[in-house]
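Peer 1: My structure is below; once you've seen it, I'll send some questions.
The values are calculated or read from the model by the stated rules, or taken from the named source; none is laboratory data. Note that the structure is a prediction, hence the values are computed from the model and not measured. With ideal geometry, Cβ positions are generated from the backbone for all residues, glycine too; neighbour counts draw on all protein chains shown. We work out accessible area using only protein heavy atoms, side chains counted, and drop any ligands, DNA or RNA first. Shrake-Rupley method; radii C 1.70, N 1.55, O 1.52, S 1.80 Å.
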Amino acid sequence: MYEKLGKAAQYIQSIKTSKPKIGIVLGSGLGVFVDQIEDKTIIAYNDIPHFKKTTVEGHEGRLILGKVKGVEVVVLQGRLHAYEGLPMDEVVFPIRLLAILGINILILTNAAGGVNLNYRPGDLVLIADHINLTGKNPLIGPNNNQMGPRFPDMSHAYHPELLAIMKSVSQSLGNNIHEGIYAGVLGPTYETPAEIKMIRTLGGDMVGMSTVAECIAANHLGLKVCGVSCITNMGSGILDQKLNHDDIKHEAQKAMNHFTSLLNLSIEKFGKL
Ligand code: HPA
């Protein structure tokens, strides 16, 4: 795995030598954020050695180097999910690659279903913590001590300092930004109404099929992580409506202005850390 990561990193650096400080993963329907990047170098996942191609519609599959508010970033437009049938070390390969490229801060974004009854589609939620309901973990197997410890601490999985900065930025942007717990499920089915009730009982505020594995791999590597969910729908059974991927992408796009302001302002502040 380490050798594969080295080859992938070498390829990217042969196209552009850069030392990004911040990595950003864009979730379903949130890819338009790419328009905010200046001085872009775009690399298709297909062209990067050992990088798996995403199979999900609405996920572009491009790695972009550039600047946001003058801060060097590397952006993953489109991510890999366990439900695509990939082994977990493939799912988190892109996160490990960003770490080799030099990031020390990782911003995870996703589309999620609202479980907390105070949320509405279009709201943004800062991820305060997660609950791993996937039954999977990307660190299963022999530990690579070069990457991180066998038993990583997860008590600050979403970094308090980054969360505090995002909270202060949110306050300047209006009141439909919450702070909540992300429940990560495997998918690809949306949940049943009974599962949504269970997740609420367990303490989840929103639910989605990504982010948890990436957060675990990033913490293992010692990166500082933060995350934002865009509530694209209420969880199954809360409203009298069926869930489909097209509606979810469309709702994410509607929240785009709000999402873009939150990310731009946060990146500017993270750049000064
Ligand atoms: N459930 C799981 N994943 C999701 C949802 C949902 O309701 N909405 C967007 N991603």
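Peer 1: Give me P(r) over the stretch 114-273, computed from all C-alpha to C-alpha distances, binned every 10 Å, as integer percentages.
Peer 2: 10, 37, 35, 16, 2
Peer 1: Provide the gained length on full extension for the span residue 137 to residue 153, in nm with one decimal, where the gain is 0.36 nm per separating residue minus the Cα-Cα distance. Spell out each step's value before the answer.
Peer 2: Details: separation 16, 0.36 × 16 = 5.76 nm, distance 1.40 nm.
Net length gain for the segment: 4.4 nm.
Peer 1: From the C-alpha gyration tensor of the stretch 22-66, pull out the three semi-axes of the equivalent ellipsoid (sqrt of 5λ each), sorted largest to smallest, in whole Å. Show your work: numbers first, answer last.
Peer 2: Working: eigenvalues 59, 42, 13 Å².
For the stretch 22-66, the semi-axes come out at 17, 15, 8 Å.
Peer 1: How much length would be gained if the chain were fully extended between residue 146 and residue 7, taking 0.36 nm per residue of separation minus their Cα-Cα distance, in nm to one decimal?
Peer 2: On the way: separation 139, 0.36 × 139 = 50.04 nm, distance 1.66 nm.
Here the segment from residue 146 to residue 7 would lengthen by 48.4 nm.
Peer 1: Over all distinct Cα pairs, what is the inverse of the mean 1/r for the chain, reported as the Kirkwood hydrodynamic radius in Å?
Peer 2: Numbers: mean 1/r = 0.0540 Å⁻¹.
Final number for the Kirkwood radius of the chain is 18.5 Å.
Peer 1: Quote the charge dipole size of the chain about the Cα centre in Debye, to the nearest 20; the model charges only the Cβ of Lys and Arg (+1) and of Asp and Glu (-1). If you can, show how the numbers build up before the last one.
Peer 2: Details: 25 positive and 25 negative charges, 125 e Å.
It works out to roughly 600 debye.
Peer 1: Can you pull the percent of the stretch 205-262's accessible area that's carbon plus sulfur, 1.4 Å probe, other chains left in place? Mind showing how you got there, number by number?
Peer 2: Details: 910 of 2070 Å².
That fraction is 44 percent.
Peer 1: Beyond 30 Å between alpha-carbons counts as too far, so tell me which of 53/224; 69/136; 167/197 fall in that bin. Please report the intermediate quantities before stating the final value.
Peer 2: Numbers: 53/224 26 Å; 69/136 36 Å; 167/197 28 Å.
Over 30 Å Cα-Cα: 69/136.
Peer 1: So between residue 40 and residue 176, what do we pick up on full extension, going 0.36 nm a residue minus the alpha carbon distance?
Peer 2: Values: separation 136, 0.36 × 136 = 48.96 nm, distance 3.11 nm.
Result for the pair: 45.9 nm of gain on full extension.
Peer 1: How many Å² of accessible area per residue for the chain, probe 1.4 Å? Spell out each step's value before the answer.
Peer 2: Values: 11730 Å² over 273 residues.
Averaged over the residues of the chain, the accessible area is 43 Å².
Peer 1: Using a 7 Å offset from the Cα along the Cα-to-Cβ direction at both residue 239 and residue 186, what is the distance between the two label points in nm, to one decimal?
Peer 2: In this crude spin-label approximation the distance works out to 2.9 nm.
Peer 1: Quick check: convex hull of the Cα atoms in the stretch 232-273, volume per residue, rounded to a whole Å³? List each step's numbers first, then the result.
Peer 2: Values: hull volume 3.7 nm³, N = 42.
Expressed per residue, the convex hull around the Cα atoms of the stretch 232-273 is 89 Å³.
Peer 1: In the chain, with Lys and Arg counted as +1 and Asp and Glu as -1 at Cβ, which of these residues, 5, 162, 77, has the Cα nearest the positive end of the dipole, that is, farthest along it?
Peer 2: 5
Peer 1: Residue 197 label point, 7 Å along Cα→Cβ, cut-off 16 Å on backbone N: hits in the stretch 224-244?
Peer 2: 235-240
Peer 1: Further, regarding this structure: Binning at 10 angstrom from zero up to the longest distance, how are the C-alpha pair distances of the stretch 166-260 distributed in percent?
Peer 2: Computed distribution, short to long bins: 13, 40, 37, 9, 0.
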